[in-house]
Amino acid sequence: MLNNTDKISRRSFLSGAFASTALAALSLAGCAPRSFESEAERNVIDGGSYDIVVVGAGGAGMAAAVSSVDAGAKVLLLEKMPVAGGNTCFAEGGMNVCCTKYQAQSGIEDGVDLMTADTYKGGHNKGNLELIRHMCANSNDALEWLGSMGIVLSKLGTSGGASVKRIHRPETGEAVGRYIVKGMSEQCRQRGISAVCNTKVEELLMEDGRIAGVVATDPNNMTVRYRAKAVIVATGGFGANNEMLAQYRPELLDAVTTNQPGSQGDGILFSQAIGADTVDIGEIQVHPTVEQTTATLLSENIRGDGAILINHDGVRFTNELLTRDVVSANEWKQPDRTVWAVFDSSVAENNTSIEEKFVARDLCKVEKDLESLGKAMGVPVEDFVKSVTTYNDNIASGTEDPLGRTKSLNPLVKAPFYAIHVAPGVHHCMGGLRVNAEAEVLDANGDAIPGLFAAGEVTGGIHGGNRLGGNAVCDINVNGLQAQKTAVAYLKTL
Ligand code: ADP
């Protein structure tokens with residue numbers, strides 16, 4: 001990524017049609033926003049003027065930036081890390097989408113109501129039904145939008161909490177996040193969008209009660225002011241911010257985090273500073289299968305494709321396909337609070353990340369038979385082999401799984417066999433900025449802050465008390481697009 005704002009020049013959104021008009025000042029209770037007048041007193045670099053500044057070049061930010069350029073806006077994409085991608089880069093599972101052509105081809109009947117109900121139930125009936133329904137109803141459009149740019153998620157899979165096969169992945173078995181980030185980076189390149197990296201947005205600027213731009217710190221530690229009529233906050237969560245974790249969920253401080261170091265909650269903090277409200281801020285998801293020495297995430301797909309979980313006594317202890325919070329809680333009840341994810345070659349062959357992220361980095365035991373695997377894991381070998389063979393025999397005879405697993409009952413029979421040492425890790429912030437279904441950021445009175453929009457993990461309300469695997473990738477794309485649409489409509493009112 002180039003660090004060059006000159007590369008960001010676009011067709012101007014304001015060519016005639018959207019000439020700005022003076023608007024009555026809207027006051028936001030309790031906030032003391034910086035204005036350009038006070039900024040002028042400081043020695044800041046002028047970074048130029050834009051229709052829309054998108055803050056954060058993860059999945060939501062790139063969806064917003066690409067679609068904003070396509071809508072004719074002059075866009076600037078700012079990213080504080082040296083490279084774009086954010087946590088989206090590490091998303092393993094897929095994108096939950098209902099009513100797709102791929103489901104139809106497989107004879108799967110799904111619906112907005114069913115996906116809405118699954119998401120709400122999976123989130124312990126805590127999510128905002130309006131936001132959930134909006135995400136589900138617009139999921140297929142987002143999938144088709146990605147597909148129209150060659151980012152094709154056509155392979156259907158099973159994921160926890162979904163009533164039907166609904167998670168969509170790349171045909172190649174590649175991890176979904178990296179696939180999307182690669183594809184969206186190419187779309188950015190084709191449109192001349194370069195994320196301006198190593199540039200951290202510190203605060204939002206207001207003028208006459210409206211968003212007027214951002215102040216950022218550039219790679220030379222200089223302060224840069226970017227003027228913008230609208231700002232889309234897509235800064236992700238705060239899963240790597242110990243102070244915020246300690247504030248909201250102190251018991252999680254000991255857990256490893258799957259979050260990239262840039263996930264510091266900046267967007268929440270700088271939006272709160274101008275009066276934005278938050279929702280469900282203490283709802284932080286732990287993911288049940290995180291490799292413990294490197295905090296590498298072992299995708300839900302692995303269990304979805306057939307992996308089982310084995311404790312240090314060599315036995316299964318949970319239905320592996322329950323929601324993430326329940327599986328995590330069950331793991332924490334086991335000796336040493338860590339367990340093993342065990343699977344066979346058919347699962348490994350279906351997921352290229354096993355070889356790349358685990359085998360190649362020596363984070364995985366790979367053995368020719370179950371006895372050797374049990375030994376390598378350091379569990380009682382006889383008990384372990386019995387656990388796996390009983391599991392296999394039950395599948396073969398059609399006997400009900402004693403732990404209640406009803407899906408992805410694939411026997412572990414194809415050598416070699418694999419085991420990865422895992423435990424729960426801090427994964428996803430389900431709470432965040434309070435938004436409405438139009439992706440407008442709301443203040444404590446429930447009023448939209450003019451010119452401020454947000455999408456992705458920085459927002460709260462969809463996932464409630466537990467996020468279903470596959471819903472984050474859905475959220476970033478649906479709401480990255482939604483933030484763009486509302487921001488573009490807002491520009492037309494100016
Ligand atoms: P989402 O899944 O919601 O898109 P990601 O974690 O993938 O979230 O992306 C968020 C991006 O925002 C990350 O690349 C992160 O480094 C970036 N970011 C976070 N805070 C700032 C900030 N203050 N200024 C610029 N970029 C930021």
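The values are calculated or read from the model by the stated rules, or taken from the named source; none is laboratory data. All figures in this text were calculated on a predicted structure; none of them were measured in a lab. Here the Cβ positions follow ideal geometry from the backbone for every residue, glycine too, while neighbour counts run over all protein chains shown. Surface accessibility is based on the protein's heavy atoms, side chains included, excluding ligands, DNA and RNA. Shrake-Rupley method; radii C 1.70, N 1.55, O 1.52, S 1.80 Å.
Points worth noting:
- Residue ID - farthest from the ligand (Cβ to nearest atom), chosen from residues in the range 440-472 that are open to solvent by 10 Å² or more (accessible area, probe 1.4 Å) and assigned to a helix (DSSP H, G or I): 472
- Some residue of the range 74-83 being within 10 Å of the ligand (Cβ to nearest atom) and not in a loop (DSSP other than H, G, I, E, B): yes
- Some residue of the range 57-64 being open to solvent by less than 40 Å² (accessible area, probe 1.4 Å), more than 25 Å from residue 297 (Cα to Cα) and under 21 Å from the mean Cα position of the chain (by Cα): yes
- Wholly within the range 227-336, helices (runs of 4 or more DSSP H) carrying at least 2 residues that are more than 16 Å from the ligand (Cβ to nearest atom) and of a type in the set (Asp, Glu): 324-332
- So residue 183, is it within 16 Å of the ligand (Cβ to nearest atom), open to solvent by less than 30 Å² (accessible area, probe 1.4 Å), modelled with pLDDT of 95 or more and not in a strand (DSSP E or B): yes
- Filtered residue count, the range 317-330, keeping only those that are over 23 Å from the mean Cα position of the chain (by Cα) and buried (at least 21 other Cβ atoms within 10 Å of the Cβ): 1
- Verdict on residue 142 being part of a loop (DSSP other than H, G, I, E, B) and within 30 Å of residue 112 (Cα to Cα): no
- Of the residues 118, 113, the single one that is charged (D, E, K, R), surrounded by fewer than 19 Cβ atoms within 10 Å (Cβ to Cβ) and not assigned by TED's automatic domain parsing to the domain that holds residue 201 is 113.
- For the range 193-218, the tally of residues that are farther than 21 Å from residue 450 by Cβ, surrounded by fewer than 23 Cβ atoms within 10 Å (Cβ to Cβ) and among the β-branched types (Val, Ile, Thr) stands at 1.
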